[in-house]
Amino acid sequence: MKTLKRTLLGLMALCLLMLPVSGTTMAAGGDDFILANEYIAITVNGSGENTGRFSVNTTGGDPLRQNDDDKPLIYGRANPWTSYTTVRVDQRDYVFGGPTNKRAGQGVPTGTWISGPELVDDSIVTTYVIAGIEVSQRLGFTRSLTTGLMDTARIEYELVNKDVVEHSVGLRVVLDTMLGANDGAPFRVREQSILTDTRFAGSEVPQFWQAFDSVSNPQVMAQGTLRGSDLTAPDEIYFTNWGSVADAPWQFQFQPGRDFVRIGEFELDSAMALFWNPVTLQPGQALRYATSYGMGGITIAPGRLSLGVTAPAQVVADPSSPEEFPIIAYIENSGEGEALDVTAILRLPEGFEVVSGSTLRRLGNIDTGSSAQVRWQVRARQPQVGTAQISVQVEAKNSETNRVYRNIEILAPARLEVTVRSEEVSINDRTWAPGAFVVEARLTNTGGSVAHRVTASFQAPLGMALAKGESELKFAGDIGPGQTQRLRWRLIPTGVTGEAIPYSIRTTSRETGSRVVNGSVAIPPARSAVWWQWTEQENALEVGEVLVGHLRVVNLKDFAGGAGILRFDPTKLQVTGGRLGVAKGTLMRFGPDGRRQDSDWQQLLVDNQRGEIRFNVELEKTYPEASGDWLEIGFRTVGTGSSALEIHDLVLSASEQERILVRGRNPYQVE
């Protein structure tokens, strides 16, 4: 099975080593799509089978270490298939991506391909529709919690209910972890070194886990981060062997205490499964789940008592909501005899404190080749912005002291400054110009740390409405220190006028909370109007060509139809097809609620000899305020010269008729 695939691990190495060492590069290797930077590469399968499945490997890895270059982190590299994702819809399981003939997910139905893999905003995006749910997988780079570098893959799924009924939707992501050539390195969670089937659920799901083979001389240091500002903690995680999760798309054979030997074979083969349990998704509702996996940041001091210390690379100094974070020490007896009465001492700078317990931890005796882990939960009570240094010291009765120093960057909180502006709404001879105006919000992070997943929503109590296709809620994404995002809403006036029609924009992010900024726009009164408008022509009209025009209305109050006469020069124009050349406009075909209506002609006479169209229309439903096409008429040009279409004897079923402007002549030219 996977053993046969190991010979492929080096095939993509040459391509990746040829990539630039700075920035992000997108490349295609055969059927694969590869996103790479100087630290790691993400490979996504673009073939007809196993489409969308991915692997992760190092390129340069840790800049301070040479022995972790070009090593796998998630197995597969070329044409990956062993890591895969299951979407559960209404208790039925589907594999995300293309069909497979491999062991992982074999025989499980898939969805319908929509797009990808393709590069979208520095991520590789693949989209399928599965049982009415549109599922998009987005893979890109993110900053590691413990290294502070862009050496981690962000794995995100967005699930949108495109159906007209609700569905129960869950997600399972299987990662076939591998550290270089080591497929059985322990998972390290808090104070546990995990080598057998283990489950964490709910509040027990850790902030992060790490994996490496040795404290004294690690080949690759990997880390999965499960909680964070822009991540979604899974409901459950399982550490197990790959064979178990490969053979079952959702629930699998789990045996606490069983080692990671692959089911049905004889090799160590570790994997993990992340579960987001099913929830009800209403029509149009969306869910977004994200986790990350990549390089781990561990500061190591070799010795008889080898010591490694990990902690976040950055911490936000926010006295109003002090951040809590773990500091973990890994101690390995690398000497020739048992280490006696081992102790570990954490030393913190001013402004930090342990949440509970003591900074001194007694570990007892540690056998040769064995290891221990110590975790302190620390609170950044009131640290100073800048660089803080922590240290961990280990000692034993029969061994020299060892010590690690590790720096943590202390950041000021994120701070969003929001300013709003709107386009001027002016009047031409018929209506507001432009018909749709724009309100813009400018979001600037003036703080010292990232504001994650920033959203902004537009609200107005009166006077304006969102233009067709516009959305009230917009996503600004992550806004880093000093960065600015601009969001724009297209709006249309609804009839209420004034010098300061109010609106508000609410911005939210986890770091900055919710804030409302108010603005206003001057909307002058617009005159109600009826006019004829020809469709614009790219080139000069010639005899025999078709010319289309529209009878249009704007801002008509209580509009329910009307009658009139349209006159044209029959020596220059003829209505195409007689009555068939006169079509109902959108106001006749759709009601004020946007639903189809069956408005009919009370009268429609087309006289091409006299050059006259007589019409009488009664709308099925009255428009409180009408703007749009009433009629659409197609003409064929039969003569040259200039002429016009004229509106005569117009009688409208609308209020305030004495204020309605009727533009009676609309010229055109035929060459």
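Look through region 104-142, keep the residues that are assigned to a strand (DSSP E or B) and of a type in the set (Asp, Glu), and return whichever of them is surrounded by the most Cβ atoms within 10 Å (Cβ to Cβ).
Ranking the candidates gives GLU134 first.
Name the residues in region 82-101 that are under 17 Å from GLU158 (Cβ atoms) and basic (Lys, Arg), would you?
ARG88
Taking the stated definitions as given, is ARG579 at pLDDT below 90, basic (Lys, Arg) and farther than 19 Å from ARG636 by Cβ?
Answer is no for this residue.
I'm checking my understanding of the structure. Among residues of region 278-310 that are among the aliphatic types (A, V, I, L, M) and under 28 Å from the mean Cα position of the chain (by Cα), which one is farthest from VAL129 (Cα to Cα)?
The selected residue is MET295.
Hey, THR112 hits all of (1) polar (S, T, N, Q); (2) more than 23 Å from ILE263 (Cβ to Cβ); (3) in contact (Cβ under 8 Å) with a residue 24 or more places away in the chain but one; which does it fall short on?
Single failed check for THR112: (3).
Looking at (1) more than 14 Å from GLY52 (Cβ to Cβ); (2) more than 17 Å from the chain's Cα centre (by Cα); (3) not in a loop (DSSP other than H, G, I, E, B), find the lone condition where ASN101 falls short.
Failing condition for ASN101: (3).
Report every pair of residues separated by at least 6 positions or lying on different chains whose Cβ atoms are under 6 Å apart, first residue within region 70-87 and assigned by TED's automatic domain parsing to the domain that holds THR291, second β-branched (Val, Ile, Thr) and not in a strand (DSSP E or B).
These pairs meet every condition: LYS71/VAL220; TYR75/THR82; GLY76/THR82.
So, in region 454-469, exactly how many residues are modelled with pLDDT under 85 and either surrounded by 15 or more Cβ atoms within 10 Å (Cβ to Cβ) or among the polar types (S, T, N, Q) (or both)?
The qualifying residues number 2.
If we keep just the residues of region 334-348 that are outside any loop (DSSP other than H, G, I, E, B) and of a type in the set (A, V, I, L, M), which is surrounded by the fewest Cβ atoms within 10 Å (Cβ to Cβ)?
Checked region 334-348; the qualifying residue surrounded by the fewest Cβ atoms within 10 Å (Cβ to Cβ) is LEU340.
Regarding ARG488, is this residue among the basic types (Lys, Arg), within 30 Å of ALA317 (Cβ to Cβ) and surrounded by fewer than 18 Cβ atoms within 10 Å (Cβ to Cβ)?
Considered against the rule, which asks whether it is among the basic types (Lys, Arg), within 30 Å of ALA317 (Cβ to Cβ) and surrounded by fewer than 18 Cβ atoms within 10 Å (Cβ to Cβ), ARG488 comes out as no.
Test of understanding: among GLY184, GLY170, which residue is at pLDDT 90 or above and either in a loop (DSSP other than H, G, I, E, B) or crowded, with 17+ Cβ neighbours inside 10 Å (or both)?
GLY170
Considering GLN91, GLN106, GLN137, which residue is closer than 30 Å to GLY264 by Cβ, of a type in the set (S, T, N, Q) and within 18 Å of the chain's Cα centre (by Cα)?
GLN137 is the lone residue from the list that is closer than 30 Å to GLY264 by Cβ, of a type in the set (S, T, N, Q) and within 18 Å of the chain's Cα centre (by Cα).
The values are calculated or read from the model by the stated rules, or taken from the named source; none is laboratory data. No experiment lies behind these values; they were computed from the predicted model shown. All Cβ positions, glycine included, derive from the backbone under ideal geometry; neighbour counts span all protein chains shown.
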